[in-house]
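Structure, as structure tokens:
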Amino acid sequence: MRFLILSDIHANIDALDAALAAAAGTWDRAVVLGDLVGYGAEPNAVIDRVRALDPLATIRGNHDKAACGLDDGSSFNHVARFAATWTGETLTDDNREYLRALPQGPLRLADDILICHGAPFDEDHYIFDGEDASQALEETTELLCFFGHTHLPVVFVRSALTLGYVVPDGDDALGMELAAGARYLVNPGSVGQPRDGDPRAAFAIYDAQTRMLQTRRIGYPVEVAQRRILAAGLPASLANRLAIGR
Ligand code: ZN
């Protein structure tokens with residue numbers, strides 16, 4: 001089974017379509033780690049596209065909760081809350097119900113693969129550093145856990161004695177074979193609002209048979225996504241940040 005791992009799409013249909021086009025033919029089932037909406041201008045188009053993929057699993061993110069009314073967005077900054085309110089008003093009833101019904105992570109994909117939005121121990125917690133990663137590994141047993149939420153691609157590797165990490169940056173594709181006896185925490189990065197200084201859409205493909213993990217970056221028409229954000233009346237900062245990947 002080859003999994004297409006998508007996270008933090010954030011209503012950016014242009015980035016999602018570029019990622020899907022680039023990944024065509026290289027995966028069997030999609031897995032979505034949450035935050036389908038929020039920030040971007042096409043929440044319904046993104047939800048429709050995700051639903052059409054018939055993912056093996058889709059879990060909710062904090063922006064999904066805020067947009068469909070499961071969370072009041074009180075922990076959000078002003079811009080994020082504005083976007084969440086706009087998204088909530090823009091969603092079709094059907095797509096709002098879809099978001100409300102999304103399961104909370106963590107969710108087990110297979111015996112040794114877990115997915116979550118933030119962290120396995122708290123769907124809203126950010127895994128930024130080794131301390132967060134250690135806690136996530138201590139509180140789980142799976143060999144591999146995919147997470148999102150930070151919008152920063154990273155692979156944490158726990159071997160017998162050490163915790164290390166790899167940041168896939170620069171390349172179009174980074175391939176690594178997961179080592180036997182090690183445990184991994186993998187953030188594929190964000191499809192629709194990258195924050196690592198690289199504006200290209202990020203995603204990952206994992207082949208469970210060969211244990212090959214590939215992280216990928218794909219350019220997309222950022223200016224189209226920016227125009228949609230401005231035309232929707234969303235804050236200009238949400239358009240500006242897409243161009244610099246922050
Ligand atoms: Zn997000």
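Scanning region 5-54 for residues that are over 20 Å from Arg246 (Cα atoms) and charged (D, E, K, R), we see that the one that is nearest to the ligand (Cβ to nearest atom) is Arg49. Looking only at region 86-101, decide whether some residue is farther than 24 Å from Asp64 by Cα and either of a type in the set (S, T, N, Q) or within 16 Å of the ligand (Cβ to nearest atom) (or both). There is no residue in region 86-101 that is farther than 24 Å from Asp64 by Cα and either of a type in the set (S, T, N, Q) or within 16 Å of the ligand (Cβ to nearest atom) (or both).
Each residue in region 179-193 was checked for being within 15 Å of Gly219 (Cβ to Cβ) and either more than 10 Å from the ligand (Cβ to nearest atom) or of a type in the set (A, V, I, L, M) (or both), and 2 of them qualify. Please tell me if Ala52 is of a type outside the set (Asp, Glu), outside any strand (DSSP E or B) and over 16 Å from Ala225 (Cβ atoms). Taking the combined requirement at face value, the residue satisfies it. The residues of region 55-70 that are more than 18 Å from Pro106 (Cα to Cα) and either more than 13 Å from the ligand (Cβ to nearest atom) or modelled with pLDDT under 95 (or both), listed by number, are Cys68, Gly69.
Could you tell me which residue of region 128-143 is most open to solvent (accessible area, probe 1.4 Å), considering only residues that are of a type in the set (A, V, I, L, M) and more than 12 Å from Pro106 (Cβ to Cβ)?
Result: Leu143.
If you check Phe156 against the conditions, is it surrounded by 15 or more Cβ atoms within 10 Å (Cβ to Cβ), among the aromatic types (Phe, Trp, Tyr) and within 16 Å of the ligand (Cβ to nearest atom)? Break it down stepwise before answering.
Working: surrounded by 15 or more Cβ atoms within 10 Å (Cβ to Cβ): yes; among the aromatic types (Phe, Trp, Tyr): yes; within 16 Å of the ligand (Cβ to nearest atom): no.
Spelling it out, it is not the case that Phe156 is surrounded by 15 or more Cβ atoms within 10 Å (Cβ to Cβ), among the aromatic types (Phe, Trp, Tyr) and within 16 Å of the ligand (Cβ to nearest atom).
Is at least one residue of region 174-196 surrounded by fewer than 20 Cβ atoms within 10 Å (Cβ to Cβ), closer than 27 Å to Arg241 by Cα, in contact with a strand residue (DSSP E or B) (Cβ under 9 Å, 6 or more places away or on another chain) and touching a residue at least 12 places away in the same chain (Cβ under 8 Å)? Among the residues of region 174-196, at least one is surrounded by fewer than 20 Cβ atoms within 10 Å (Cβ to Cβ), closer than 27 Å to Arg241 by Cα, in contact with a strand residue (DSSP E or B) (Cβ under 9 Å, 6 or more places away or on another chain) and touching a residue at least 12 places away in the same chain (Cβ under 8 Å), which makes the answer yes.
Scanning region 106-120 for residues that are open to solvent by less than 10 Å² (accessible area, probe 1.4 Å), outside any strand (DSSP E or B) and touching a Leu at 6+ places or on another chain (Cβ under 8 Å) gives Cys116, His117.
Within region 92-105, take every residue that is under 20 Å from the mean Cα position of the chain (by Cα) and part of a loop (DSSP other than H, G, I, E, B) and give me the one that is surrounded by the fewest Cβ atoms within 10 Å (Cβ to Cβ).
Within region 92-105, the match that is surrounded by the fewest Cβ atoms within 10 Å (Cβ to Cβ) is Pro103.
Number of residues in region 108-134 that are under 19 Å from Val191 (Cβ atoms), more than 16 Å from the ligand (Cβ to nearest atom) and free of Cβ contacts under 8 Å to residues at least 60 places away in the same chain: the value is 0. Scanning region 64-74 for residues that are in contact (Cβ under 8 Å) with a residue 12 or more places away in the chain and not in a helix (DSSP H, G or I) yields Cys68, Gly69, Leu70, Gly73.
The values are calculated or read from the model by the stated rules, or taken from the named source; none is laboratory data. What you see is a predicted model, and the numbers here were worked out from it, not measured in a lab. Positions of Cβ are backbone-derived with ideal geometry, glycine not excepted, and every protein chain shown enters the neighbour counts. The protein model used for the area step is the full one, side chains on, heavy atoms only, and it has no ligands, DNA or RNA in it. Shrake-Rupley method; radii C 1.70, N 1.55, O 1.52, S 1.80 Å.
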